[in-house]
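The values are calculated or read from the model by the stated rules, or taken from the named source; none is laboratory data. Given the structure is predicted, the values throughout are model-derived calculations rather than measurements. FYI the Cβ positions are ideal-geometry reconstructions off the backbone, even for glycines, and counts take in every protein chain you see.
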Amino acid sequence: MNTKTKTILKITLPLLLGILLVWYSLSKISLSELVQYFKDADYSFIGLGVFFGLLSHLSRAYRWKFMIEPMGYSLRLSNSIMAVFAAYLVNYTIPRAGEITRASIITNYEGVPFEKCFGTIVAERVADMLVMLGIILITLILEFDFIYKFFMDRFDLYKIIIAGAVILAISIAIFVFIRRSTSKIALRIKSFINGLIEGILSIFRMKQKWAFIFHTLFIWSMYVLMFYVTSFCLEETSNIPLAAVLIGFISASFSIAATNGGIGSYPVAVFAAFSIFGIAKEPSIAFGWIMWSSQTLMIIVFGGLSLIYLPIYNRLNPKTRE
C-alpha cells in the first residue's frame, strides 16, 4: 500500500465511520425528539461545562511552556493558546493532524525546532495517558461492586478466567517476541515503548515538574467536571449515579480518537455507557449530542479565531530572536 493510499484511508475511514455512527444514533432517537431535548435543556449548565472545557485548554497551553523552556526556548502564552485551539480544530478535518499543525505553528512563530516541539507533544500525551489510566483505576476501585456484579450477571466466571488466561499468555508471548526479535515491526514497537518511557522520565527531570503535574491533574479534573455539570442540563440525566458519570466520561473520551473530533462516536459512546445503568436511550443520546455539540462549537469559535489572528498577532508582535 503506497503513501497516497494510506493518507486517503486515514482521512476517509474515520469520516465514513463518523457518518455511519451519526446515522446509528439518529436511528435510536427521532430528529424532532433530539431537537426538543436541545430546546428543553438548561443552558446555564451547558455554559458552565463549556467554561470548564475552556479552562482545561488554557491550562494545557500554559503547561506546554514547562516542556519547551528546559530546551532553551521561550514560548509566548498567546501563541501557545492559539496553537492549541488551532490544533483541536484541525483534528476535526484530519485525525491527529492537529499535533503536526500545533508543532508547525510554534516552529514558525516561536523558532522552536519542529522535532523538539513535536517531541514535547508526544511526551505530554504520555502524561495524559497516565492520568486517564488513573481515572480508569479509580473508577474500578470506587465502583468495583457494581462492575463485578455487571460482568458476573452477563458472563460466566469460568469463561472470564479462561479469557484472562488467554490474554495473559498472548501478552507474554508478544512481549518475548518483541524483546528478542530484530524485525522492523519489533524494532518500531521497542522504539515507541522506549520513547514513551523517555517521555515519562523527562517529566520528572523538569525544573517545574510539580507545576506540570498540577496542570496535568487540573486539565483532567476540568474534563471530568465539564462532563459532570453538563449532565444537569437535562432532567433525565440530572440524577445519574457517579459510576455512570465516570464510565460515561471514559467511554466518551476514547470515542474521540475513533472519528474526526468524535463526530457520531461521542453520543453513541455515551449511550453505550449510560445503557449499563438503565438510563433511557433517548436522553442518553441527546445528552451525548448536547455535550459534543457544545464543546465542538467552542473549538470552532476559538480555533477559527486563532487561525485568523495568529498571523496578525505575530506580524504586529514579531518574535525577538535571542
- Message: Among the residues of the stretch 224-244, what is the count of those that are in a helix (DSSP H, G or I) and surrounded by fewer than 21 Cβ atoms within 10 Å (Cβ to Cβ)?
- Response: 9
- Message: Step by step: first the residues of the stretch 94-114, then only those that are assigned to a helix (DSSP H, G or I) and more than 22 Å from the chain's Cα centre (by Cα), then the one that is modelled with the lowest pLDDT. Which residue is that?
- Response: PHE114
- Task: Would you confirm whether any residue within the stretch 30-43 is among the polar types (S, T, N, Q), in contact (Cβ under 8 Å) with a residue 40 or more places away in the chain and part of a helix (DSSP H, G or I)?
- Result: no
- In the stretch 249-265, residue surrounded by the most Cβ atoms within 10 Å (Cβ to Cβ) [restricted to those that are within 17 Å of ARG96 (Cβ to Cβ), within 11 Å of the chain's Cα centre (by Cα) and touching a residue at least 24 places away in the same chain (Cβ under 8 Å)]: GLY262
- Message: Take PHE271 and tell me if it is surrounded by fewer than 18 Cβ atoms within 10 Å (Cβ to Cβ) and either of a type in the set (A, V, I, L, M, F, W, C) or not in a helix (DSSP H, G or I) (or both).
- Response: no
